1. Normalised by the residues of the stretch 62-129, what does the relative contact order come to in percent, with Cα pairs under 8 Å and at least six apart?
2. Based on a Kirkwood Rh over C-alpha pairs, give the Stokes-Einstein translational diffusion coefficient of the stretch 127-178 at 4 °C and viscosity 1.567 mPa s in µm²/s.
3. Could you give the radius of gyration (one decimal) and Dmax (whole number) of the Cα atoms in the stretch 25-177, in Å?
4. Cα convex hull of the stretch 129-224: mean projected area in nm², to one decimal?
5. Sorting check: for 178-189, 303-314, which peptide has the highest mean count of neighbouring beta carbons within 10 Å, and how do the rest follow?
6. Report the extension gain between GLU399 and ASN328 in nm, rounded to one decimal, defined as 0.36 nm multiplied by the number of residues separating them, less their alpha carbon distance.
7. The stretch 375-424: Rg/Rh from Cα coordinates, Kirkwood Rh?
8. Which order do the peptides 380-392, 106-118 take when ranked by the mean count of other beta-carbon atoms within 10 Å per residue, highest first?
Amino acid sequence: MMMKVLALLLLPQVAVAFATHSAPKSCSSNSALSGSAGELGLPCEAECAITKYPNMPDSVHPGVLSGQAVVDLLEDAKKKGYAIPAVNCVSSSGINACLEAARRNDAPIIIQFSSGGSQFYGGKGLDNTNYRAAIAGAVSGAFHVRTMAEQYGVPVILHTDHCAKKLLPWIDGLLAASERYFEQHGEPLFSSHMIDLSEEPIEENIEICKTYLKRMSKIGIMLEMELGITGGEEDGVDNSDRPAEDLYSKPEEIYQVYKELTPISEAFTVAAAFGNVHGVYSPGNVKLEPKILSRAQEYIAEKLGDKAPADGKPVKFVFHGGSGSDINDIQESIGYGVIKMNIDTDTQWSYWEGIRSFEAKYHDYLQTQIGNPEGADKPNKKYYDPRECLRSAEVKTVERLQQSYSDLLCQNILGLGEAQVAENILGPRRGGLPV
């Protein structure tokens, strides 16, 4: 059945025949009567069944957000001074760790897929000609997020990361899927997409982004665009040798983007460069200049005059290359309108650290199927069962995201209070290891 749904969503289709200048609202609530739980008849109890949160705008609900709910959530972050962690995921296990961390921190989360991560989600055994595997993998991941986000009771922005010009067919496939999903459900499959044309001339960057924002705004999808270059290397894109000046955006450029995109829709964010670098480097090797964002806000607010927002921050900024960044730079940037920070390298390491520490702890039980320090005839199945080391990876990732939530001032945001301890979760043979 799922394969039929995926095939239906991926059929080519014409653009939706109506347009609005602001993103339409998503479904009014994600209670037991709506969302994946209601559609599929899944159990939906406790936080899964609530229609809104005590401390959130009314439009924000458990599950994947779209349209006005995304705008309202990001405006709330800018107003209250927090940023939402955006974590690149390549597996259902990684997604579950993110959802668990979000609930433990009583906060929203952004789950995102890169093109390479999407391909991996679809499976390395699947041919990726014309981005077939990357499209199907991202759609498959989206269904997983939609199903499980409601169960964890947290609001999720479902996003795709860097999409360079050569990758636009990947986004086209995902937009076609969202347009089809919108026809059936009144909301898109994804919350937002990033178009990264920072390596192209700024005029071309803006024109292509305008074209996509027009298409996306019809079904309530937000656009993230990038100005300037994020240094370092990630997911096969290597900007390690770019000139230093390329790592810093200019206020005039940011205003040009704002002026061109706002008449189409206000549902966009800007990943402006202020020295950002992908990866983790030794202290002193990365020079962030958050005040670039402050100067840009001031410049644009002055241009807008009486039409400038009361907070003096017209732009919602995105912080790329957040892994390993100094907490002072992070929190300073939040004060200048950063509402999202990307995290990949640090959570890649935390996931690996969980597996590595599990192997070190149970090394002597992981060398053969039978035979360990307790006896030559003792079986080791419960140690090499992949659920055990993967759960260890999830635990370490939840712990690392706890730090990210703290750094981003994004704790106790929803008003749900402390998460209840999960019950009935014993592992293999009803006697899981204490990982």
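The values are calculated or read from the model by the stated rules, or taken from the named source; none is laboratory data. Note that the coordinates shown come from a computational prediction; the quantities given were computed from them, not determined experimentally. Note: ideal-geometry Cβ built from the backbone for every residue, glycine included; neighbour counts use all protein chains shown. Ligands, DNA and RNA are excluded from the accessible area calculation, which covers all protein heavy atoms including side chains. Shrake-Rupley method; radii C 1.70, N 1.55, O 1.52, S 1.80 Å.
1. Relative contact order for the stretch 62-129 comes out at 31 percent.
2. 108 µm²/s
3. Values for the stretch 25-177 (Cα only, Rg and Dmax): 15.6, 47 Å.
4. Projected area, direction-averaged: 6.3 nm².
5. Descending packing order for the listed peptides: 178-189, 303-314.
6. Between GLU399 and ASN328, full extension yields an extra 23.5 nm.
7. The Rg/Rh ratio comes out at 1.21.
8. Packing proxy ranking, top to bottom: 106-118, 380-392.
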